[in-house]
Amino acid sequence: MNGPGGAVTADDKAGNGAGTRSVYDALRRLILDGELQPGAEISQPELSRRLAVSRTPLREALRLLERERLVVDTGPYRSTRVSSLSPADLDELYSLRVMGEGLAIWLTVPMLRAADIERLEQDAELTASGDPDAHRRFHAGLRIGAGPRLAEHLEQLADHAERYQRSFVQYEPDREFVAAKLAEHREIVAACAAGDRQRARELLVDHIAGTAMALMTAERHAPFTLPSAVSMAKGG
């Protein structure tokens, strides 16, 4: 169980699977929330003290995070560096997202029932208030027809995309932007309610790609893989 401030309690010091998972979750959240900045270097002893855990579960957690590409240069006697962010990686990340999310919603639309549509409508409206949990639930609801491997993969990509949004956008979205995104959410739900999975897929792909384009434009980066991914995801 995590202690105050995301620290892991003494119960995690045993180094078993549960302890490793707790350390992984705590450290991953620090990275995704930006408390550990992209490119930051931190020693493993310092991490051990910060999370109040022994080195064994910490090393195991770092290996998992390295596999997820959130940290690099991990090892028993080395410092750990949080993975840097780059427009080129963002391009690839969002290309994978539009391909996977396009497939997931294609599989999901025929499975949606009235209660599912109602939940999507509720979460879509809540996203306008900037509720990040509602936004995650909304997109998760559009992939309930995906298998567990695909759903887990897409959830991880969405987490990484949020990390880019926090780092690349240093201002509060204006009212016009929020209204535009809410309108897109409503259109996606309407297509789902109508059982039109082709339109739902096209709207979702454009919605995700639009965010990516805004981020890359802010970084003055011309997308390389995203246009091709959008075309393929929409059946082109």
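The table below gives the values:
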quantity: Heavy-atom surface of the chain, accessible at 1.4 Å and reported per residue (Å²); calculated: 53
quantity: Contact order normalised by residue count of the stretch 31-96, Cα under 8 Å, 6+ apart, percent; calculated: 37
quantity: Helix axis angle, 175-193 relative to the chain longest principal axis, alpha carbon, degrees; calculated: 70
quantity: The stretch 99-236, relative contact order [Cα under 8 Å, separation at least 6], %; calculated: 37
quantity: 10 Å Cβ shell holding at most 12 others, DSSP loop, trypsin sites (Lys or Arg not before Pro): longest site-free stretch of the chain; calculated: 114-219
quantity: Semi-axis lengths (Å, descending) of the ellipsoid that matches the C-alpha gyration tensor of the chain; calculated: 34, 20, 17
quantity: Fraction of accessible area attributable to carbon and sulfur, the stretch 61-205 (%, probe 1.4 Å); calculated: 52
quantity: Potential lengthening between Arg69 and Ser84 on full extension [0.36 nm per residue; Cα-Cα distance subtracted]; calculated: 4.4 nm
quantity: Taking the chain and dividing mean pair separation by its residue count, relative contact order in percent (alpha carbons under 8 Å, at least six apart); calculated: 22
quantity: In degrees, nearest ten, helix 132-141 long axis to first principal axis of the chain (Cα); calculated: 60
quantity: Using a Förster distance of 45 Å, the FRET efficiency for Ile42-Glu125 (Cβ separation, nearest 0.05); calculated: 0.65
quantity: Extension gain (nm, one decimal) between Ala179 and Glu35, 0.36 nm per residue minus Cα-Cα; calculated: 48.9 nm
quantity: Base-10 log of normalised Debye intensity for the stretch 142-192 (one unit scatterer per alpha-carbon) at q = 0.21 Å⁻¹; calculated: -0.97
quantity: Angle in degrees between helix 17-32 and the longest Cα principal axis of the chain, rounded to the nearest 10; calculated: 60
quantity: P(r), alpha carbons of the stretch 94-162 - 10 Å bins starting at zero, rounded %; calculated: 21, 51, 27, 0
quantity: Gap separating the Cα centres of the stretch 183-236 and the stretch 97-140, nearest whole Å; calculated: 14
quantity: Of Met216, Met99, Met111, the one that fluctuates the most in a GNM where the chain has Cα springs shorter than 10 Å; calculated: Met111
quantity: Fully extended contour minus Cα-Cα distance, from Ala222 to Gln156, at 0.36 nm per residue; calculated: 21.3 nm
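The values are calculated or read from the model by the stated rules, or taken from the named source; none is laboratory data. The model shown is predicted, which means the values in this text are computed figures rather than measured ones. Positions of Cβ are backbone-derived with ideal geometry, glycine not excepted, and every protein chain shown enters the neighbour counts. Calculation scope for accessible area: heavy atoms of the full protein, side chains included, ligands and nucleic acids excluded. Shrake-Rupley method; radii C 1.70, N 1.55, O 1.52, S 1.80 Å.
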